[in-house]
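Below is one structure, written out as structure tokens; the observations come after it.
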Amino acid sequence: MPKPPFASKSGGSATVVIGNKSIELPISRGTIGPDVVDVRKLYSDGDVFTYDPGFTSTASCESAITYIDGDEGVLLYRGYPIEQLAEHSDFIEVCYLLLHGDLPSADQLKTFRNAITRHTMVHEQISMFFRGFRRDAHPMAVMCGVVGALSAFYHDSTDINDPMQRTIASHRMIAKMPTIAAMAYKYSIGQPFIYPQNNLNYSENFLRMCFAVPAEEHKSNPVLARALDRIFILHADHEQNASTSTVRLAGSSGANPFACIAAGIACLWGPAHGGANEAALKMLEEIGHVSRIPEYVARAKDKNSGFRLMGFGHRVYKNYDPRAKVMQQTCHEVLDELGIRNDPLLQVAMELEKIALNDPYFVEKKLYPNIDFYSGITLKALGFPTSMFTALFALARTVGWIAQWAEMIEDPSQKIGRPRQLYVGAPKRDYVPVHKR
Ligand code: ACO
């Protein structure tokens, strides 16, 4: 995976004054977006650390993969706007783009598609591994375990210093993630695993592995498969979010890629990250009818209620999440295709969106619908139980995690991630034997 010919440029310097000492810090300039003040020498020259819990003002790396402008509502993969990719591309082509930096030629795409298709089966012994889980295990618990266990099955692609092994590991994970997610689902409902089928595309294959049963013929629906493919595109990468940073941090120690992606899955599981679409759907179900929206909006505005409108607001987007627009359209397409014309959840969602977008509280705080607002309704209509929502997110985000992990491994300035701290514990003191305490 060659690194694209982009690199930061010098952008002058900033001066920090600590006591009577003045320290000159270089500023680096990217292609677009805010410059960064390079604070690497601050500790050696100034004997201070920077403090930024939650990393709200900290760039942890240089990256040429994904760009977000939260104020303008822009999301670019390798420079291409998400709206254009969602309309004209497909998930496999987007995977190639994220991994390689450029759109593929027809031949490159064919070879890549073929490589992914040929890696979709999992080692047969993995099905035994599944059977060790309780039936009622959450699919994300199963995903964490099984993806981590891949390193025990594919020893020939765990040497991170071998570019060929890194590529094979990448192909394996992108290809096998739908199989593993579908197996987690089938296991939870007590149905037999469905093997992948190579004449189907990525999303058709996944839908079949989830919803086909051996007793019946399964016919794929191209509209639903395309909608799912678009959902995968929208979730494929999102620069240095919590799970991606987790993957990078795990990988910075030299851990194998399967273990790193398992770490990303664990982080994604949290309700503030991958679990938000489940929470948004639950809230819409709880509201139940448009007549109850004002009551919920009032609660969301009341600081003492502790209630927030799920699917609204984003740490980075202070404008309409560009993915939410595509998601809304995809939601309509899926409901139309399935003949769900007057879905009460969709009616509540649309009315809630209208009311919130015109309410001064939400306008002033720049709280817009995020991708999770419409994805829950769409995934539910496609037939997925809420417990699978985050597993689908993990499936789609795998390519982003891998692209970011590979970029880090290939970066000559990469070091093990090792944050420092502001120590506020007890100062040095002497041990007191237990009988004297
Ligand atoms: N409903 C009501 N008020 C809100 C909401 C909301 N959904 N989100 C933020 N606010 C208010 C806060 O109360 C706060 O008000 P204040 O300034 O008067 O104290 C202000 O807006 C800023 O909120 P913060 O929590 O400081 O903003 P932050 O950027 O840290 O949080 C977050 C972003 C966590 C996404 C938040 O908007 C939220 O909780 N949203 C609901 C959950 C959700 O939809 N999460 C999905 C995120 S997208 C994703 O992970 C793919």
**Request:** Please give every one of the lysines within straight-line cross-link reach of Lys415, meaning a C-alpha to C-alpha distance under 19 Å, and leave out same-chain neighbours fewer than 8 residues apart.
**Result:** Lys3, Lys41
**Prompt:** Going 7 Å from the Cα of Val48 toward and past its Cβ, which residues in the stretch 12-26 have a backbone nitrogen under 20 Å from where you end up?
**Reply:** 13-26
**Complete:** In whole percent, the fraction of accessible protein surface over the stretch 167-279 that belongs to carbon or sulfur atoms, probe radius 1.4 Å, stands at 57
**Item:** For the stretch 208-219, 3J(HN,Hα) per residue [Karplus equation, 6.51 cos²θ - 1.76 cosθ + 1.60, θ = phi - 60°, Hz, x = Gly/Pro]
**Value:** 5, 5, 7, 10, 7, 10, x, 6, 9, 5, 10, 10
**Asked** Suppose R0 equals 45 Å; then what is the FRET efficiency for Arg341 and Met128 from their Cβ-Cβ distance, rounded to the nearest 0.05?
**Response** 0.50
**Request:** Give the long-range amide H neighbours of Ala14: residues separated by 5 or more places, or on another chain, with amide H under 5 Å away, using H modelled in the peptide plane at 1.01 Å from N.
**Result:** Leu25, Ile27
**Item:** For the stretch 272-318: Kirkwood Rh in Å [reciprocal of mean 1/r, alpha carbons]
**Value:** 11.6
**Fill in**
Once both label points are put 7 Å beyond Cα along the C-beta direction, the His273-Ser57 separation in nm becomes 2.5
**Message:** Applying a 10 Å radius around every beta-carbon, put 145-157, 298-310 in order of their mean neighbour count, most first.
**Reply:** 145-157, 298-310
**Request:** Whole Å is fine, so just give me how far the alpha carbon centre of the stretch 214-245 lies from that of the stretch 145-161.
**Result:** 24
**Fill in**
Going residue by residue through the stretch 403-417, the Karplus relation 6.51 cos²θ - 1.76 cosθ + 1.60 with θ = phi - 60° gives ³J(HN,Hα) values, rounded to whole Hz and with x marking Gly or Pro, of 4, 5, 5, 5, 4, 5, 4, 7, 7, x, 8, 5, 10, 4, x
**Asked** If you count, for each residue, the other Cβ atoms within 10 Å and average over each peptide, how do 199-205, 387-393 line up from highest to lowest?
**Response** 387-393, 199-205
**Request:** Run down the aspartates and glutamates and flag those whose C-alpha is under 13 Å from the C-alpha of Lys9, throwing out any fewer than 8 positions away in its chain.
**Result:** Asp35, Asp38, Glu62
**Item:** Computed P(r) (all Cα pairs; the stretch 263-418; 5 Å bins; percent)
**Value:** 2, 8, 16, 20, 19, 13, 9, 6, 4, 2, 1, 0
**Fill in**
Carbon plus sulfur, as percent of the 1.4 Å-probe accessible area of the stretch 1-124, comes to 53
**Request:** For the stretch 31-122, state which chymotrypsin sites (Phe, Trp or Tyr not before Pro) are in a DSSP loop and have at most 10 other beta carbons lying within 10 Å of their beta carbon.
**Result:** Tyr51
**Asked** So which lysines pass the test for Lys365, namely a Cα distance under 20 Å, with those fewer than 8 places away in the same chain ruled out?
**Response** Lys301, Lys303, Lys318, Lys325, Lys354
**Message:** Per residue, how large is the accessible surface of the chain? Use a 1.4 angstrom probe and give square angstrom.
**Reply:** 51
**Asked** Got the relative contact order for the chain handy, in percent, Cα pairs under 8 Å and 6 or more residues apart?
**Response** 19
**Asked** If you take the square roots of the eigenvalues of the alpha-carbon gyration tensor of the stretch 244-306 and sort them as a ≥ b ≥ c, do you get rounded (a/c under 1.5), prolate (a/b over b/c) or oblate?
**Response** prolate
**Complete:** Computed from the beta carbon distance with a Förster radius of 35 Å, FRET efficiency for Asn199 and Asp162 to the nearest 0.05 stands at 0.60
**Message:** Apply the a/c threshold of 1.5 to the C-alpha gyration tensor of the stretch 113-209 and tell me whether it is rounded, prolate or oblate.
**Reply:** oblate
**Message:** Can you list residues from other chains, or at least 5 along the same chain, whose modelled amide H is less than 5 Å from the amide H of Gly70?
**Reply:** none
**Request:** Would you calculate a helix-derived [θ] at 222 nm for the chain, using -39,500 (n - 2.57) for each DSSP H run of n ≥ 4 and dividing by the full residue count, to the nearest 500?
**Result:** -15500 deg cm²/dmol
**Complete:** Net charge near His119 (other residues with Cβ under 9 Å of its Cβ; Lys, Arg +1; Asp, Glu -1) is +3
**Asked** Measuring from label point to label point, each 7 Å out along Cα→Cβ, what is the Val290 to Lys303 span in nm?
**Response** 3.4
**Fill in**
Calc'd 3J(HN,Hα), the stretch 386-396, phi into Karplus 6.51 cos²θ - 1.76 cosθ + 1.60 (θ = phi - 60°), Hz, glycine/Pro = x, comes to 4, 5, 8, 4, 5, 5, 5, 4, 4, 4, 5
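The values are calculated or read from the model by the stated rules, or taken from the named source; none is laboratory data. Only a predicted model underlies this, so the values are computations on that prediction, with no experimental measurement involved. FYI the Cβ positions are ideal-geometry reconstructions off the backbone, even for glycines, and counts take in every protein chain you see. All accessible areas refer to the heavy atoms of the entire protein, side chains included, with ligands and DNA or RNA removed. Shrake-Rupley method; radii C 1.70, N 1.55, O 1.52, S 1.80 Å.
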